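Please read the structure below before turning to the comments.
The values are calculated or read from the model by the stated rules, or taken from the named source; none is laboratory data. Quick caveat: nothing in here was measured; it's all calculated off a predicted structure. Glycine also receives a Cβ, built like all others from the backbone with ideal geometry; neighbour counts cover every protein chain displayed.
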Amino acid sequence: MKLIGPFKQVVTLANLPLRGKLSDEQLEIIVDGGILVNNDKIQQIGNFETLKSENQNIEIETIEGEQIVLPAFVDSHTHICFGGNRANDFAMRNAGKTYLEIAESGGGIWSSVQHTRNASEDELLKTLLERIDFLISIGITTIEVKSGYGLDVENELKMLRIIKKAKEQTKATLVPTCLSAHLKPRDFNGSNQEYLQYVLTEILPKVKEENLANRVDIFIEKSAFQPQESKDFLLKTKDLGFGITVHADQFTPGSSRIAVEVGAKSADHLEATIDADIEFLAKSETVATALPGASLGLGEKFTPARKLLDAGAIVAIASDWNPGSAPMGNLITQASILATFEKLTTAEVLAGMTFRSAFALDLEDRGKLEEDLKADFVTFKTNNFQNILYNQGSLKAEAVYIDGEKV
Ligand code: NIG
Ligand code: FE
């Protein structure tokens, strides 16, 4: 057992509801607090001096200066296993070129597929681990990682095996997701439906056999997969025993409805979601995930997080870190900016990056500082938790703990 503290503020996020709007008055903030850790779990949270006197002769990890602590963040949507770089897409987009012009000049998702296919396994693993280390350094200890730049049996499995290797080499929790239905690859000889059938019969059974992922994602969009074929595909993946998540309503509305109808864990993007579908999502268990990094990367509007929260949805915030639409990777900056545009309270933003995004990944053992939960937390050198969003990502995490140990 070990006592860590004293902290100027312990922001526990305890007792906050899973869904709907939150006010900052609902936040439990323990002043001059401490965290009692037992192995990899939180044993107790409370006043530091009280915990100290109640637990004589235990190890004390003293916190120097004024620091605050909160649950470590959970990034529930990333594409951080990739080869190459799409800075030229970004520059062309900013110079006013269209999606088609960018694709025709060798950019777009297909270019990342080629770079990822051509990259060596060592190179992919190395860059993936570097991105994971960056995320840990900003306080994120649980990271979802998608495939989706392989788009054939060999390369999708290559990506998922690399994610599995990374999982063995990092202390962060990695949650792999199979996104073979990202796009029909240009070298596939057949229709969209035939490609989805190929994913179902050739890729997913092997993913299962090797235990590489238990979640499946699909990009439902005019330029990717159409609503009905996607729904049929998702129902079949569900029959195979996979959890489901969907890239929904990024540019065209309608697919978040499908996500809810098939019982998806989350519907992510939602920049184009219409009011009726906001209501539909809000009545469901499907987490609505805002991806402000994609809005910032593309110069497009933000997910209507305010309306979703007001309607009672479970709203998570994730980075979508990928080489194309969301190259930044700094979830704290992105969430802070989303807060200013969507008028979100600090409590709503913190909940969206912790226990609400953990719920989207079926990880209900984390995201709050509460007894028996995983001892993952992040500290900042400041005396007031409001400074985290106020500084829009430029206040760096001081220390990050995974399973009770500083990493
Ligand atoms: O979540 N929308 C589709 N997929 C990614 C973008 C991937 C890429 O551009 O490489 C996204 O934004
Ligand atoms: Fe994405």
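Of Gly106, Gly83, Gly46, Gly96, all but one fail to be more than 11 Å from ligand 1 (Cβ to nearest atom), at pLDDT 95 or above and either surrounded by fewer than 13 Cβ atoms within 10 Å (Cβ to Cβ) or part of a helix (DSSP H, G or I) (or both); the exception is Gly96. Against the criterion of being among the small types (Gly, Ala, Ser) and within 24 Å of Ile63 (Cα to Cα), Ala375 qualifies. Of the residues Leu309, Leu281, the single one that is over 30 Å from Asn88 (Cα atoms), part of a helix (DSSP H, G or I) and in contact (Cβ under 8 Å) with a residue 60 or more places away in the chain is Leu309. Scoring Asp320 on the criteria (1) closer than 25 Å to Arg93 by Cα; (2) of a type in the set (Asp, Glu); (3) assigned by TED's automatic domain parsing to the domain that holds Phe7 leaves a single failure, condition (3).
Taken over segment 305-323, residues that are within 12 Å of ligand 2 (Cβ to nearest atom) and in contact with an Asp or Glu (Cβ under 6 Å, 6 or more places away or on another chain) amount to 2. Among the residues making up segment 279-304, a single one is more than 14 Å from ligand 2 (Cβ to nearest atom), buried (at least 21 other Cβ atoms within 10 Å of the Cβ) and farther than 16 Å from Ser357 by Cα: Pro304. When Leu36, Leu18, Leu22, Leu51 are checked against the criterion of being buried (at least 17 other Cβ atoms within 10 Å of the Cβ) and either in a loop (DSSP other than H, G, I, E, B) or at positive phi (or both), a single residue qualifies: Leu22. Within segment 133-156, does at least one residue satisfy the condition of being under 26 Å from Pro205 (Cβ atoms), buried (at least 17 other Cβ atoms within 10 Å of the Cβ) and in contact with a Gly (Cβ under 6 Å, 6 or more places away or on another chain)? Within segment 133-156, one or more residues are under 26 Å from Pro205 (Cβ atoms), buried (at least 17 other Cβ atoms within 10 Å of the Cβ) and in contact with a Gly (Cβ under 6 Å, 6 or more places away or on another chain). Considering segment 156-180, the residues that are aliphatic (A, V, I, L, M) and under 19 Å from Lys406 (Cα atoms) include one that is nearest to ligand 1 (Cβ to nearest atom), namely Leu174. Kindly check whether there is at least one residue in segment 359-381 that is free of Cβ contacts under 8 Å to residues at least 60 places away in the same chain, surrounded by fewer than 24 Cβ atoms within 10 Å (Cβ to Cβ) and either in contact with a His (Cβ under 7 Å, 6 or more places away or on another chain) or more than 28 Å from Glu66 (Cβ to Cβ) (or both). Within segment 359-381 (the criterion being free of Cβ contacts under 8 Å to residues at least 60 places away in the same chain, surrounded by fewer than 24 Cβ atoms within 10 Å (Cβ to Cβ) and either in contact with a His (Cβ under 7 Å, 6 or more places away or on another chain) or more than 28 Å from Glu66 (Cβ to Cβ) (or both)), the answer is yes, since at least one residue qualifies. Selection of segment 200-245 for residues being within 16 Å of ligand 1 (Cβ to nearest atom), in contact with a Phe, Trp or Tyr (Cβ under 8 Å, 6 or more places away or on another chain) and either at pLDDT below 95 or not aromatic (Phe, Trp, Tyr) (or both) yields Arg215, Val216, Ile218, Glu221, Lys222, Ser223.
Thr340 meets each of the listed conditions (1) surrounded by 20 or more Cβ atoms within 10 Å (Cβ to Cβ); (2) within 19 Å of Gly20 (Cα to Cα); (3) of a type in the set (Ser, Thr, Tyr) apart from (1). Taking the conditions (1) among the acidic types (Asp, Glu); (2) away from ligand 1 (no atom under 16 Å from the Cβ); (3) touching a residue at least 24 places away in the same chain (Cβ under 8 Å) in turn, Glu194 satisfies each one other than (3). Selection of segment 123-150 for residues being more than 19 Å from Ala316 (Cβ to Cβ) and polar (S, T, N, Q) yields Thr127, Ser137, Ser147. Can you confirm whether Ile258 is part of a helix (DSSP H, G or I), away from ligand 1 (no atom under 16 Å from the Cβ) and among the aliphatic types (A, V, I, L, M)? Taking the combined requirement at face value, the residue does not satisfy it.
For segment 286-320, the set of residues classified as near ligand 1 (Cβ under 10 Å from one of its atoms) and β-branched (Val, Ile, Thr) is empty. Among residues that are assigned to a loop (DSSP other than H, G, I, E, B), under 21 Å from Ile29 (Cβ atoms) and outside the structural domain of Glu25 (by TED's automatic domain parsing), Leu395 is not included.
Residue pairs, Cβ under 6 Å, 6 or more apart or interchain, first in segment 14-32 and assigned by TED's automatic domain parsing to the domain that holds Ala305, second loosely packed, with under 15 Cβ neighbours inside 10 Å. List them. No pair meets every condition.
Just a yes or no: is a residue in segment 274-283 among the hydrophobic types (A, V, I, L, M, F, W, C), modelled with pLDDT of 95 or more, under 18 Å from the mean Cα position of the chain (by Cα) and in the same structural domain as Ile138 (by TED's automatic domain parsing)? Taking every residue of segment 274-283 in turn, none turns out to be among the hydrophobic types (A, V, I, L, M, F, W, C), modelled with pLDDT of 95 or more, under 18 Å from the mean Cα position of the chain (by Cα) and in the same structural domain as Ile138 (by TED's automatic domain parsing).
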